[in-house]
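Enquirer: If you scroll down you'll find the structure; I have some questions about it.
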Amino acid sequence: MKSNKKNQLGEIIITSSLEEEEGGIIQLISDEDEDPDQEVKFPDPLPILPLRNTVLFPGVVIPISVGRDKSLALVRDVYKKDKTIGALSQVDPAIENPEFSDLHKIGTIAQIIKILEMPDGSTSAIIQGKARFQTDKLVTDDPYLMTSVHLLSDIYPKEGDQEFEALVQSLKELSLKIIDLSSNIPQETSFAVKNIESPKFLINFISANANVNNKDKQRLLDINDLKKRGILLLEFLTKEVQMLELKKDIQTKVKVDLEQQQREYLLHQQMKTIQDELGGSPVEQEIEEMRSKAAAKKWRKEVKQTFEKELDKLQRMNPAAGEYSVQANYLQTLLDLPWAEYTKDNFDLQRAKKILDRDHFGLGEVKERILEHLAVLKLKGDMKSPIICLYGPPGVGKTSLGKSVAEALGRNYVRMSLGGLHDEAEIRGHRKTYIGAMPGRIVQNLKKAKSSNPVFILDEIDKVGSDFKGDPSFALLEVLDPEQNNSFFDNYLELEYDLSRVLFIATANTTNTISPPLRDRMEMIEITGYIVEEKIEIARRHLVPKQLQAHGLKKNDLFFPKKTLEEIIVNYTRESGVRELDKKIAQISRRVAKKIAFGTHPSRTITRENLLEYLGPPMFFRDKYEGNELSGVATGLAWTPVGGEILFVETSLSKGKGKLTLTGNLGDVMKESAVIALEYLKSHADVLNLDDEFSANNDFHIHVPEGAIPKDGPSAGITMITSLASALTQRKVRKGLAMTGEITLRGKVLPVGGIKEKILAARRANLNEIILSKENEKDISRIQDVYLKNLKFHYIENILEVLDYALLKSKARKG
């Protein structure tokens, strides 16, 4: 039900608010018309007044604001004549100038009681519903809508229908209950409901004034059967009663909660008074402690103002409130952060170089970059820290390098693993309005570092994930941009933090999974795998002493000769780094420690012969060159995440019709290289003195061994064409020769990557000659001479040069 009031004429006015809005309505019912079956006269055709915001029911009187030009013309014309119009509700109230099709088909014949010119210049009309009608067809729409209509009769229930009488009584009771539950409806409204005796008028009156939307009111008006109309109205009123009762329950609970809070407040005030008498409140002591800590902080004006404002807010809070602990944690975080606190850099470059060389063997480019940064700092006094990304295979010392850099610079060290991170909030933090909110891990780690210029390791940056919560790599764009990170914004702090003096060192195994914008912000430094000689030195200087100490062994308890270490590296590990080597040394150390603990006295020196006892039989028999006695076998070089490998490409011919079979778990790119190789040989058969029909008379089978290992990439192109050419010509492939390069149908040899790892693989396999693309010569010039020792390189530009050098004139055994 809607609120009501009485006007000066003594009529009962029902309205949704005390102030009438433009286009709004005020519904009321006159007490003059209690005969539901009176004869209704109306003109034919009937002028139609569209109603935007209401539905008119028979017997109900409503004032309406008339604003449209057509409606004004209709009201004024009709008011001069018989004052009878047809009121139809719009299907869509938003339509400004409705046509006949925009109106409902069933409406109410109405009489204009009075036209009122309002003080603001607008026009209002008071109309009273008389009877329901249905439109037949449009007669004209100029100057306003006029239609032919026919009256609709209400279907009354049988006399003495007890169900209908109970329905009417229920409608009355529910209406009175709604009036009672609604605080904005005066109790006098119940007077109107109680004094309506006609069931039809009661249903129409309640329908008009019920808190129901216009669509449902039109449904009520459309129903001819008075009993069915009453049942639908009862359904609407029941829902309204349930909603009002629910609101009342909620308000009662809120009132109880408020009373409880007031009671707790008074008790806390009493406790505070008692605590003051006994020597002060713990809460006040905590706040004073925060204030004294803040006085010693070196923070900027903005942070200081925020802290003082939030501290004053905390002081006004009830300590028992849930928000108190949230506010206290926020303030404690502000206090714990090292705002403008920096450690002093050590500019002794010789000392820094010694520390870097002491902790890591090799890694010359990285060490040189750190020393360059120190040198510029020493000369300039201040500069933005570089963002360095070290990428390379596992176990080559990328992460541990950060500790050495921190020690060399005299800075604090902190490490954050990004592997598996998939929520942007882990970087930027959550807003403190959330339950359990925390600052991002960048800010948390700075709090742990206790300085604003630490060496900050972002480990495994290539393994950052993303999901529906966002992409953390995009949040890292701000962190790792020297032009932006002086004002890094954390959602929890809601303050900017200066990260420009933090030395970020990111680590990754591959750059392929790092987003291009993020990769562009970092200085990429590649750390490649170690050669055997380097691994031996790393084991002697670092790994063996570390494992002796870890297992309680003395220096004279265990000794690894260089030959033994070489045997472990070659036959028991398969890696570019030294992580697996470290595990093997640890395994030997454990078994020696066990023998000493049992009272036996094992040999101090670990020899190649007794490795079988400690490590079992050799695990790997790889990288062994198999000679050039067979035709159709060529040696290629491949890059893997654990370093370089050599691979063999084998070709076999059989009688057939030119079918090409590829095996060895090859990827699409590698398969395409084989197809290109065969097509090139077909088009250049004369160069190799091959029969023009060789492809039509033979089937070709290319296999790359170790079929359980997936292989892909274009770098085996020249190896495949050499293998095919050798099989077709039965010529030997040059002994001790390896090759890598991509081929094209035009015969070009294109450059490939991973050159250093591939060179190390060739050295391990005792290969001494390598064929590369001419464009890879620049990569060789950047590799240290120690890696190139005893290797001869042949730089070529096309396939014919490869075949000319790789294939000997002598014939091989058929493979």
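Enquirer: Label-point separation (nm) for ILE113 and ARG746, each offset 7 Å from Cα along Cα-to-Cβ?
Expert: For the pair ILE113/ARG746, the computed spacing is 9.5 nm.
Enquirer: Using only the Cα atoms of the range 589-699, construct the convex hull and provide its projected area averaged over every direction, in square nanometres to one decimal. Can you show the working numbers first?
Expert: Working: hull surface 46.1 nm².
Dividing the Cα hull surface by four gives the mean projection, 11.5 nm².
Enquirer: At 37 °C and 0.692 mPa s, what whole-number value in µm²/s does Stokes-Einstein give for the translational diffusion of the chain, with Rh from the Kirkwood sum over Cα pairs?
Expert: 89
Enquirer: Moving on to the next point. Which one of ALA192, ILE759, PHE100 has its Cα pushed farthest toward the positive end of the charge dipole of the chain, where Lys and Arg give +1 and Asp and Glu give -1 at the Cβ?
Expert: ILE759
Enquirer: So, counting K/R as plus one and D/E as minus one, what does the shell of residues with Cβ under 9 Å around ASP699 add up to?
Expert: +3
Enquirer: Compute the acute angle (0 to 90°) between the alpha-carbon long axis of helix 668-683 and the principal axis of greatest extent of the alpha-carbon atoms of the chain; round to the nearest 10°.
Expert: Between the helix axis and the principal axis of the chain, the angle is about 60 degrees.
Enquirer: Take GLU496, project a point 7 Å from its Cα along the Cβ direction, then tell me which residues of the range 307-332 have their backbone nitrogen under 18 Å from it.
Expert: 307, by backbone N distance to the label point.
Enquirer: Where does the charge balance sit around ASN318 when Lys and Arg score +1, Asp and Glu -1, over other residues with C-beta under 11 Å from its C-beta?
Expert: 0
Enquirer: Moving to a separate point now. Stretch VAL687-GLU533 to full length: gain in nm at 0.36 nm per residue minus the Cα-Cα span? Walk me through the numbers before you get to the answer.
Expert: Working: separation 154, 0.36 × 154 = 55.44 nm, distance 4.36 nm.
In short, 51.1 nm is gained.
Enquirer: Provide the percentage of antiparallel DSSP beta bridges, counting only those with both residues in the chain; round to the nearest 5.
Expert: So the antiparallel bridges in the chain amount to around 60 percent.
Enquirer: Quick one: accessible area per residue over the chain, 1.4 Å probe, rounded to a whole number of Å²?
Expert: Per residue, the chain has 51 Å² of solvent-accessible surface.
Enquirer: Still on this model: Run the accessible area of the range 149-267 with a 1.4 Å probe and give the carbon-and-sulfur part as a rounded percent.
Expert: It is 52 percent, rounded to a whole number.
Enquirer: How far apart, in nm, are the 7 Å Cα→Cβ label points at GLU523 and ARG782?
Expert: For GLU523 paired with ARG782, the spin-label model returns 1.5 nm.
Enquirer: Go from 0 up to the bin containing the longest alpha carbon distance in the range 56-111, width 10 Å each, and give me the % of pairs per bin.
Expert: Calculated over all Cα pairs of the range 56-111, the distribution is 20, 55, 25, 0 percent.
Enquirer: Relative contact order for the chain: what percent, with Cα pairs under 8 Å and sequence separation of 6 or more?
Expert: Working: 1442 pairs, mean separation 58.5, N = 815.
Rounded, it is 7 percent for the chain.
Enquirer: Nearest 0.05, what FRET efficiency do ARG291 and THR433 give at R0 = 41 Å with Cβ-Cβ as r?
Expert: 0.95
Enquirer: In the structure shown, do any of LYS344/LYS378; LYS114/LYS217; LYS748/LYS789; LYS735/LYS778 have a Cα-Cα gap over 21 Å, and if so which?
Expert: Numbers: LYS344/LYS378 12 Å; LYS114/LYS217 25 Å; LYS748/LYS789 29 Å; LYS735/LYS778 26 Å.
Pairs exceeding the cut-off: LYS114/LYS217; LYS748/LYS789; LYS735/LYS778.
Enquirer: Once you place label points 7 Å from the Cα toward the Cβ at GLU679 and LYS384, how far apart are they in nm?
Expert: Once both label points are built, they end up 4.8 nm from each other.
Enquirer: A further question follows. Viscosity 0.890 mPa s, temperature 25 °C: what is the translational diffusion coefficient of the range 672-815 from Stokes-Einstein with a Kirkwood Rh over Cα pairs, rounded to a whole number of µm²/s?
Expert: This corresponds to a translational diffusion coefficient of 154 µm²/s.
Enquirer: Set Lys and Arg Cβ to +1 and Asp and Glu Cβ to -1, take the dipole of the range 223-351 about its Cα centre, and tell me which of SER292, VAL303, ASN329 lies farthest positive.
Expert: Going by the Cα projections, it comes out as VAL303.
Enquirer: While we're on this one: With the full set of protein chains in place, find how many percent of the accessible area of the range 752-815 is carbon and sulfur; take the probe as 1.4 Å.
Expert: The value for the range 752-815 is 47 percent carbon and sulfur by accessible area.
Enquirer: Rounded, prolate or oblate for the range 145-186? Axes are the square roots of the Cα gyration tensor eigenvalues, ordered a ≥ b ≥ c, and the cut-off for rounded is a/c under 1.5.
Expert: Oblate shape, in that a/c is at least 1.5 and b/c is the bigger or equal ratio.
Enquirer: Moving on to the next point. Only helical DSSP H runs with n ≥ 4 go in: add -39500 (n - 2.57) per run for the chain, normalise by residue count and round the 222 nm mean residue ellipticity to 500 deg cm²/dmol.
Expert: -12500 deg cm²/dmol
Enquirer: Here's a follow-up. When a/c reaches 1.5 or more, the comparison of a/b and b/c decides; with that in mind, is the range 464-530 rounded, prolate or oblate per its Cα gyration tensor?
Expert: It comes out oblate by the Cα gyration axes.
Enquirer: I've got another one for you. Taking all protein chains as present, what is the carbon and sulfur share of the accessible area of the range 523-584, in % to the nearest whole number, probe 1.4 Å?
Expert: 47
Enquirer: What does the extension gain come out to for GLU613 and ASP336, with contour length at 0.36 nm per residue minus their alpha carbon separation?
Expert: Details: separation 277, 0.36 × 277 = 99.72 nm, distance 5.49 nm.
Contour length minus the Cα-Cα distance gives 94.2 nm.
Enquirer: Also, I was wondering about something else. Grab the beta carbon distance between LYS272 and ILE250, set R0 = 30 Å, and tell me the FRET efficiency rounded to 0.05.
Expert: Numbers: r = 32 Å, r/R0 = 1.08.
Efficiency, rounded to the nearest 0.05: 0.40.
Enquirer: As I understand it, the value is the acute angle between the Cα axis of helix 562-572 and the longest principal axis of the Cα atoms of the chain; what does it come to in degrees, rounded to 10?
Expert: 50
Enquirer: Can you pull the Rg over Rh of the range 638-736, Cα-only, Kirkwood?
Expert: Taking Rg over the Kirkwood Rh, I get 0.97.
Enquirer: Once amide H atoms are built 1.01 Å from N in the peptide plane, which residues 5 or more positions from VAL139, or in another chain, come under 5 Å H to H?
Expert: Under 5 Å from the amide H of VAL139: MET146, THR147, SER148.
Enquirer: Take the Cα gyration tensor of the range 201-275, multiply each eigenvalue by 5, square-root it, and list the three semi-axes largest first, rounded to whole angstrom.
Expert: Values: eigenvalues 506, 16, 12 Å².
Equivalent ellipsoid semi-axes, largest first: 50, 9, 8 Å.
Enquirer: For ASP804 and LEU176 in one chain, what is 0.36 nm times their gap in residues minus the Cα-Cα distance, to one decimal in nm?
Expert: Working it through step by step, the gained length comes to 215.4 nm.
Enquirer: Okay, next question. Say the cut-off is 23 Å between C-alpha atoms; which of LYS367/LYS535; LYS297/LYS450; LYS81/LYS215; LYS555/LYS584; LYS130/LYS200; LYS659/LYS682 go over it?
Expert: LYS81/LYS215
The values are calculated or read from the model by the stated rules, or taken from the named source; none is laboratory data. Everything quoted here is computed from the prediction, not taken from an experiment. Using ideal geometry, Cβ is built from the backbone for each residue, glycine included, and neighbour counts are taken over all protein chains shown. Just the protein is used for accessible areas: all its heavy atoms, side chains included, with ligands, DNA and RNA removed. Shrake-Rupley method; radii C 1.70, N 1.55, O 1.52, S 1.80 Å.
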